[in-house]
1. Quick one: is THR201 touching a residue at least 40 places away in the same chain (Cβ under 8 Å), in contact with a strand residue (DSSP E or B) (Cβ under 6 Å, 6 or more places away or on another chain) and surrounded by fewer than 19 Cβ atoms within 10 Å (Cβ to Cβ)?
2. Go through the range 70-89 and give me each residue that's assigned to a strand (DSSP E or B) and of a type in the set (A, V, I, L, M).
3. Can you tell me how many residues within the range 105-120 are crowded, with 17+ Cβ neighbours inside 10 Å and touching a strand residue (DSSP E or B) at 6+ places or on another chain (Cβ under 8 Å)?
4. Write out, first by first residue and then by second, each pair whose Cβ atoms fall under 9 Å of each other, whose residues are 6+ apart or on separate chains, and whose first residue, in the range 314-330, is on the phi > 0 side of the Ramachandran plot and among the aromatic types (Phe, Trp, Tyr) while the second is assigned to a strand (DSSP E or B) and surrounded by fewer than 16 Cβ atoms within 10 Å (Cβ to Cβ).
5. Tally the residues that are touching a Lys or Arg at 6+ places or on another chain (Cβ under 6 Å) and small (Gly, Ala, Ser), restricting the search to the range 334-384.
6. Can you report the number of residues in the range 186-198 which are more than 20 Å from ARG50 (Cβ to Cβ), of a type outside the set (Gly, Ala, Ser) and surrounded by 15 or more Cβ atoms within 10 Å (Cβ to Cβ)?
7. Could you list all residues from the range 204-239 that are acidic (Asp, Glu) and either surrounded by fewer than 17 Cβ atoms within 10 Å (Cβ to Cβ) or outside any helix (DSSP H, G or I) (or both)?
8. Give me a count of the residues in the range 347-364 that are touching a residue at least 60 places away in the same chain (Cβ under 8 Å) and surrounded by 20 or more Cβ atoms within 10 Å (Cβ to Cβ).
Amino acid sequence: MYNKGTNAHDLLEVGRMIKEYLEVPKIAEYDVLVAGGGVAGVAAALTASRAGCKTLLMEKSILLGGLATNGLINYIEPLCDGRGRKIIGGVCEELLRFSIKYGYDTVPGPWKDAAEGKRENINPELLTDSNRQNPPRYVTRFSPYIFAMSLTGFLKEHGTDLLFDTLACKPVMDQGACQGVIVENKSGRQYYKAKIVIDATGDSDLLYRAGVPTETTGNWFSFWGRVMDMESMEAALGDRKIEKGVRPFNIGSNLYGKGHPEGMKKLDGTDVRDITEYVIEGHRRTVELIQNDNRFERDIVMLPFMPQFRTTRRIIGDYELTEQDQYKHFDDSIGAICDFTKRDIVYEVPYRCLYNSKFSNLLTAGRSVSAAGWAWDVTRVIPPAILTGQAAGQAAAMAVKMSKDLTEIPIEQLQQALADTGVMIHF
């Protein structure tokens with residue numbers, strides 16, 4: 001048995017490969033299994049649980065939230081089009097409200113009523129002459145750790161089973177259908193059977209290993225952390241705002257590659273050597289940044305617990321969203337999204353971006369949906385990731401209840417179920 005170690009007689013060495021023969025215990029069976037506890041995975045598991053499915057969410061760390069919490073990207077990008085109209089609602093807006101329920105927020109004044117559920121869009125009465133033409137966007141910062149801990153209880157309240165410190169390793173496939181997932185954790189190697197599997201790992205780990213076509217890309221080096229010093233503490237005390245007690249620092253590149261270390265290649269987030277290089281370089285450069293400071297007047301109080309890569313590996317689905325799809329309508333739209341860097345630009349995300357139809361019960365959500373070029377950047381950030389997670393969870397629940405393949409569920413019923421929660425299907 002694996003849990004007692006592997007006997008050398010159970011290994012077959014073939015060239016540079018080793019074939020391993022193991023007995024893996026089946027632990028449980030689920031309607032829906034979600035791999036990856038980032039915001040997309042949370043939305044998927046929450047939605048499937050609410051729909052009455054027996055749902056398991058597994059996360060390789062011990063905090064939910066993914067990059068939003070473990071990665072310190074504690075900023076919910078715009079839910080609006082930049083003109084005062086909310087585009088993304090549903091579970092996304094619900095989780096925005098939840099992210100600030102027990103911690104600080106930075107929601108702009110004209111959007112406060114929306115964030116509190118008192119109105120649908122911006123409050124025009126709170127706009128000024130200086131920002132009326134280009135009003136503030138519906139965004140907020142939040143406490144990453146309070147959000148992460150709150151999500152745990154939130155999912156448990158809705159009946160989701162959770163597994164922390166558990167790595168989803170291998171999908172068990174049979175003629176294009178996934179029978180379940182083999183995992184590794186402190187209990188050893190285990191097998192969980194499932195009717196529908198949603199890959200929300202952010203890197204398409206399970207779908208790639210299942211044989212789903214994928215595309216990888218390189219990343220600029222960016223390493224974000226938080227420092228506390230005398231100035232930040234004075235600012236927090238002066239304004240009575242705790243969030244000012246720490247300030248962010250970024251070593252390396254911005255979104256567009258400016259500041260990427262000279263001579264360093266782009267980093268592949270699916271290669272352990274590149275991930276290790278990222279960690280080593282981030283730690284080295286952080287020490288360089290602070291080594292000449294007065295050591296009694298500052299401290300590093302937050303570091304990322306995961307690589308802060310923007311895009312790594314995504315599926316090639318039945319439809320590939322691109323920048324040319326701006327303002328385009330799709331019959332199978334599962335929701336409208338907006339560009340987080342520009343005003344007025346909106347997309348609809350086709351359901352076909354969440355799957356490859358050669359694989360009957362596999363879905364993805366988050367930054368690994370089928371999107372290329374700039375559209376990949378647009379779909380990877382928190383609001384679209386939550387939207388695709390919600391859609392994946394709803395589609396999975398429908399497929400289970402109807403005993404259908406994911407491609408066979410009635411799209412109109414999927415759209416109606418999403419719209420009933422506040423999702424804008426067509427802009």
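1. Values: touching a residue at least 40 places away in the same chain (Cβ under 8 Å): yes; in contact with a strand residue (DSSP E or B) (Cβ under 6 Å, 6 or more places away or on another chain): yes; surrounded by fewer than 19 Cβ atoms within 10 Å (Cβ to Cβ): no.
Spelling it out, it is not the case that THR201 is touching a residue at least 40 places away in the same chain (Cβ under 8 Å), in contact with a strand residue (DSSP E or B) (Cβ under 6 Å, 6 or more places away or on another chain) and surrounded by fewer than 19 Cβ atoms within 10 Å (Cβ to Cβ).
2. Initially, the range 70-89 is screened for residues assigned to a strand (DSSP E or B), giving 75-76, 80, 86.
Within the range 70-89, just ILE76 meets the criteria.
3. Of the residues in the range 105-120, 5 are crowded, with 17+ Cβ neighbours inside 10 Å and touching a strand residue (DSSP E or B) at 6+ places or on another chain (Cβ under 8 Å).
4. From the range 314-330, no pairs qualify.
5. Looking only at the range 334-384, we keep the residues that are touching a Lys or Arg at 6+ places or on another chain (Cβ under 6 Å), and these are 367-368, 380.
Now drop any that are not small (Gly, Ala, Ser), which leaves 368.
Of the residues in the range 334-384, 1 are touching a Lys or Arg at 6+ places or on another chain (Cβ under 6 Å) and small (Gly, Ala, Ser).
6. Residues flagged as more than 20 Å from ARG50 (Cβ to Cβ), of a type outside the set (Gly, Ala, Ser) and surrounded by 15 or more Cβ atoms within 10 Å (Cβ to Cβ) within the range 186-198 amount to 5.
7. Residues of the range 204-239 acidic (Asp, Glu): 205, 215, 229, 231, 234, 239.
The answer is GLU215, ASP229, GLU231, GLU234, ASP239.
8. 8
The values are calculated or read from the model by the stated rules, or taken from the named source; none is laboratory data. Predicted model, so just to flag it, every value in this text is computed and none were measured. As a convention, Cβ positions derive from the backbone with ideal geometry for all residues, glycine included, and neighbour counts pool all protein chains shown.
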